[in-house]
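Engineer: Structure below; questions to follow.
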Amino acid sequence: MVELPGEDEIRGTERSRYFKDRYERTRKAFLWFGLFSLASFGYFYSQITSQLFSWTTLASGLLFIALSGSTLFLIYRSQKYRRKWKRLSGGGV
C-alpha cells in the first residue's frame, strides 16, 4: 500500500518551496543591485578624479550609497530565506 504524505508534510514542502523561491528572487535582486551599485560608483569615481563637481556628481554619490545599502540588505534577507528553506527541507544550514 502506498502511504500518502500527511497534511503537515505537504504544508512543510510548500513552505520550503516558498522560501526557496524567495531566496532565489532576493539573490537575483542583490546581484542586479550590486551591478548597478558598481556602475554608479564608477561614474562617481570618474567625476571625482576628473574634478568635475556638479549636481550629477552628488546624485551619483547618493545613488551609490543607496544602492550599496539596498544590496547589503538584500544579501541579509536572502541568507535569512536560505536558512529557513534549508531548515524546512531537512538540509543543513
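Just so it is clear, none of the values below were taken in a lab; they were calculated from the coordinates. Remember, it's a predicted structure, so these values are computed and weren't measured experimentally. All Cβ positions, glycine included, derive from the backbone under ideal geometry; neighbour counts span all protein chains shown.
Engineer: Roughly how far apart, in whole Å, are the Cα centres of the range 14-35 and the range 65-86?
Structural biologist: After rounding, the separation between the Cα centres reads 9 Å.
Engineer: Considering the zone a paramagnetic label at Thr13 would reach in this model (a point 7 Å from Cα along the Cα-to-Cβ line), which residues of the range 52-93 have amide N under 13 Å from it?
Structural biologist: 89
Engineer: Shifting gears a bit: From the phi angles alone, apply the Karplus equation (6.51, -1.76, 1.60; θ = phi - 60°) to the range 71-83 and give each ³J(HN,Hα) in whole Hz, x where the residue is Gly or Pro.
Structural biologist: 5, 4, 5, 5, 5, 4, 5, 5, 5, 5, 5, 4, 4
Engineer: When Tyr43, Tyr23 are ordered from fewest to most other Cβ atoms inside 10 Å of their Cβ, what list results? Write out the running numbers ahead of the final one.
Structural biologist: Numbers: Tyr43 17, Tyr23 20.
Starting with the residue having the fewest Cβ neighbours, the order is Tyr43, Tyr23.
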